[in-house]
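Read through the structure below, which is laid out as structure tokens, and then see the notes.
The values are calculated or read from the model by the stated rules, or taken from the named source; none is laboratory data. The shown structure was predicted, so the numbers you read here are calculated from the model rather than taken from an experiment. In this analysis, Cβ positions are derived from the backbone assuming ideal geometry, glycine residues included, and neighbour counts consider all displayed protein chains.
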Amino acid sequence: MNVSVVVRHMEVTDAMRSYAQEKASRLPRLFNGLQSAVITLDLDAGDHLVEIVASASHKAVFIARQRGSDMYACVDQCIHKLKQQLRRHKDRVRDRQAPGHDQTMVPERPPEQ
């Protein structure tokens, strides 16, 4: 998965950049279809703003935004929001699929008399 970090209106440390990349690189554990993630770190009116846009196969896009006073906490909360979105998406995809052969119920025939 490609992870890129975009910084706006501020300077960011290498530790912060690597922290965000490392957290986002764990997302494919939940959903294998993830292709890329763009993490935007911004400073807006004294608050830190973090936005993560993750794109997956079949044109699925997942977006999480968080505003707060601590950049690390904002990254963690965005990752948490994305995990919830990915779990819901995975459940929907799994529930749409037909049951397997071992899961189908064959009705029992009544005994013939």
Residue count, the range 35-61, condition closer than 13 Å to Ala24 by Cα and either surrounded by fewer than 15 Cβ atoms within 10 Å (Cβ to Cβ) or not small (Gly, Ala, Ser) (or both), comes to 9
All conditions in (1) in contact with a helix residue (DSSP H, G or I) (Cβ under 8 Å, 6 or more places away or on another chain); (2) surrounded by fewer than 18 Cβ atoms within 10 Å (Cβ to Cβ); (3) at pLDDT 95 or above; (4) not charged (D, E, K, R) are true of Ala64 except (2)
Looking at the range 12-33, is at least one residue surrounded by 10 or more Cβ atoms within 10 Å (Cβ to Cβ) and either in a strand (DSSP E or B) or over 20 Å from the mean Cα position of the chain (by Cα) (or both)?
yes
Restricted to the range 67-113 and to residues being polar (S, T, N, Q) and either at pLDDT below 80 or farther than 30 Å from Asp44 by Cα (or both), the residue surrounded by the fewest Cβ atoms within 10 Å (Cβ to Cβ) is Gln113
